[in-house]
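Student: Before we start, here is the structure in question, set down as structure tokens.
The values are calculated or read from the model by the stated rules, or taken from the named source; none is laboratory data. The shown structure was predicted, so the numbers you read here are calculated from the model rather than taken from an experiment. Every residue, glycine among them, receives a Cβ derived from its backbone with ideal geometry; neighbour counts consider all protein chains shown. Quick note on the areas: whole protein, heavy atoms, side chains included, nothing else; ligands and nucleic acids left out. Shrake-Rupley method; radii C 1.70, N 1.55, O 1.52, S 1.80 Å.
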Amino acid sequence: MRTRRGISYPRAHVCLDDIVFERRDLAGDNMACRKRRRLSPGIAGKRDFFDVLPDDLVISILSKLSSTAACSSDFANVLIVCKRLNSLAVRPLVLSKASPKMFAIKAKSWSESAHRFLKNCADAGNVEACYTLGMILFYCLENRGSGASLMAKAAISSHAPALYSLAVIQFNGSGGSKNDKDLRAGVALCARAAFLGHIDALRELGHCLQDGYGVRQNVAKGRRFLVQANARELATVLSSAAASNNFTRSWLTWSPHPIPHPNPRHNHRHQAVPGCPLLSDFGCNVPAPEAHPSSKFLAEWFGARGGVPGPGLRLCSHVGCGRPETRKHEFRRCSVCGAVNYCSRACQALDWKLRHKAECAPVERWLDEEGDGGAGNGAGHGND
């Protein structure tokens, strides 16, 4: 076909399959119908480059992604890309490498599918999934046997938080009666977790040695363990601060002047002494460590229920813990005010330096108010 000037139009291969035909019905409305596009035999014979990749290579990439995922949505978005990724992403090798942040499930988002996902990860051998699901089952869903079994499975694989949680259960006799306490087993589990570098376990072990709780008293060795716990805590804070370029020299500053009590009305009763703000058990000013995803889940779970795990039961007063009592008066009370209670000496020491040091009131107040004074186990200051 030529134009008026005699120039021919360029020829083009028109695919009738891509043309949209419009028709009108009896009412005059447009009804567009597009024929399904059919590929030519030359294009249909070719395969996508992704389909050519072997399964082993794709699984290796997915394992790297699951181990470095910053949240659960990073991994969930992969599952909805295509059927192949959906099937390969749930392989045991991929789930066994999943990072703890992948299990940072919100308590309000807990569902049967989330439970099934954690169960699949635990069955694949992921120790973090075993610990997280074990904590949820033991404390939230009150399935003590299955929860303790999953935590024990993680502890056998040298998972330090699982070892420490089992030690807390042994110290308190959680899930049973007061006679079910096994202090020696708790100390042994703490020692194993401390050997693996768990800071709270090392701090707990130091307090046990100082007090002779479940082990022969050795004050000097206990103090040495507390100093080691504080040194590890400081090293962790400094390494994370250096990674985020948020280094503060005040953490390393020695204070030669007396450190006053945070509450001015208590200064006449407590003698201020010079100290170093480096040690957490003796007045540390380093930031609080980030709580484990399972601890955050426990805090959100019981926070949505008014902070009361059951009739007459209480939560650990340390904000980074989230553990509830499984029976009345299971946790230790502060022997000074009686207003707070802790599942362990480590939580007591951390909460003392974070907030309770400024809020602790004299013991006469709660003795006069309650009259019993000894309900629950007594606990001293976090810096004693």
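Student: Does at least one position in region 170-188 carry a residue that is over 21 Å from residue 102 (Cβ atoms), outside the structural domain of residue 329 (by the TED database) and under 20 Å from the mean Cα position of the chain (by Cα)?
Tutor: No, every residue in region 170-188 fails to be over 21 Å from residue 102 (Cβ atoms), outside the structural domain of residue 329 (by the TED database) and under 20 Å from the mean Cα position of the chain (by Cα).
Student: Further, regarding this structure: Is one or more of the residues making up region 155-169 under 30 Å from residue 190 (Cβ atoms), free of Cβ contacts under 8 Å to residues at least 12 places away in the same chain and part of a helix (DSSP H, G or I)? Working first, answer last.
Tutor: So in region 155-169, the residues under 30 Å from residue 190 (Cβ atoms) come out as 155-169.
From what's left, free of Cβ contacts under 8 Å to residues at least 12 places away in the same chain: 156.
Subsequent filtering for residues that are part of a helix (DSSP H, G or I) retains 156.
Yes: one or more hits.
Student: Sticking with this structure for a sec: Consider region 163-202. How many of its residues are under 17 Å from residue 228 (Cα atoms) and acidic (Asp, Glu)?
Tutor: Number of matching residues: 1.
Student: Say whether the condition of being at pLDDT 80 or above and either surrounded by fewer than 21 Cβ atoms within 10 Å (Cβ to Cβ) or in a helix (DSSP H, G or I) (or both) is met by at least one residue in region 362-374. Walk me through how you get there before you give the answer.
Tutor: Narrowing region 362-374 to residues at pLDDT 80 or above: none.
The answer is no; no qualifying residue exists.
Student: Got a sec? Which helices (runs of 4 or more DSSP H) wholly within region 52-93 have at least 1 residues that are surrounded by 12 or more Cβ atoms within 10 Å (Cβ to Cβ), at positive phi and free of Cβ contacts under 8 Å to residues at least 24 places away in the same chain?
Tutor: Values: elements: 55-68, 72-79, 83-88.
By residue number, no helices (runs of 4 or more DSSP H) qualify.
Student: Over 26 Å from residue 216 (Cβ atoms) and either surrounded by 15 or more Cβ atoms within 10 Å (Cβ to Cβ) or touching a strand residue (DSSP E or B) at 6+ places or on another chain (Cβ under 8 Å) (or both): is that true of residue 186 in this structure?
Tutor: Details: over 26 Å from residue 216 (Cβ atoms): no; either surrounded by 15 or more Cβ atoms within 10 Å (Cβ to Cβ) or touching a strand residue (DSSP E or B) at 6+ places or on another chain (Cβ under 8 Å) (or both): yes.
Answer is no for this residue.
Student: If a residue has to be in contact with a Ser or Thr (Cβ under 9 Å, 6 or more places away or on another chain) and assigned to a loop (DSSP other than H, G, I, E, B) to count, how many in region 290-325 make the cut?
Tutor: 12
Student: How many residues are in a helix (DSSP H, G or I), touching an Asp or Glu at 6+ places or on another chain (Cβ under 8 Å) and either within 18 Å of residue 320 (Cβ to Cβ) or open to solvent by 30 Å² or more (accessible area, probe 1.4 Å) (or both) when one looks only at region 194-230?
Tutor: 4
Student: Going by the structure shown, is residue 49 open to solvent by less than 50 Å² (accessible area, probe 1.4 Å) and of a type in the set (Phe, Trp, Tyr)? Talk me through it step by step, then tell me what you get.
Tutor: Values: open to solvent by less than 50 Å² (accessible area, probe 1.4 Å): no; of a type in the set (Phe, Trp, Tyr): yes.
Spelling it out, it is not the case that residue 49 is open to solvent by less than 50 Å² (accessible area, probe 1.4 Å) and of a type in the set (Phe, Trp, Tyr).
Student: Let me ask you something else. For residue 175, only one of the following conditions fails: (1) open to solvent by 10 Å² or more (accessible area, probe 1.4 Å); (2) assigned to a helix (DSSP H, G or I); (3) touching a helix residue (DSSP H, G or I) at 6+ places or on another chain (Cβ under 6 Å). What is its number?
Tutor: The one condition residue 175 does not meet is (2).
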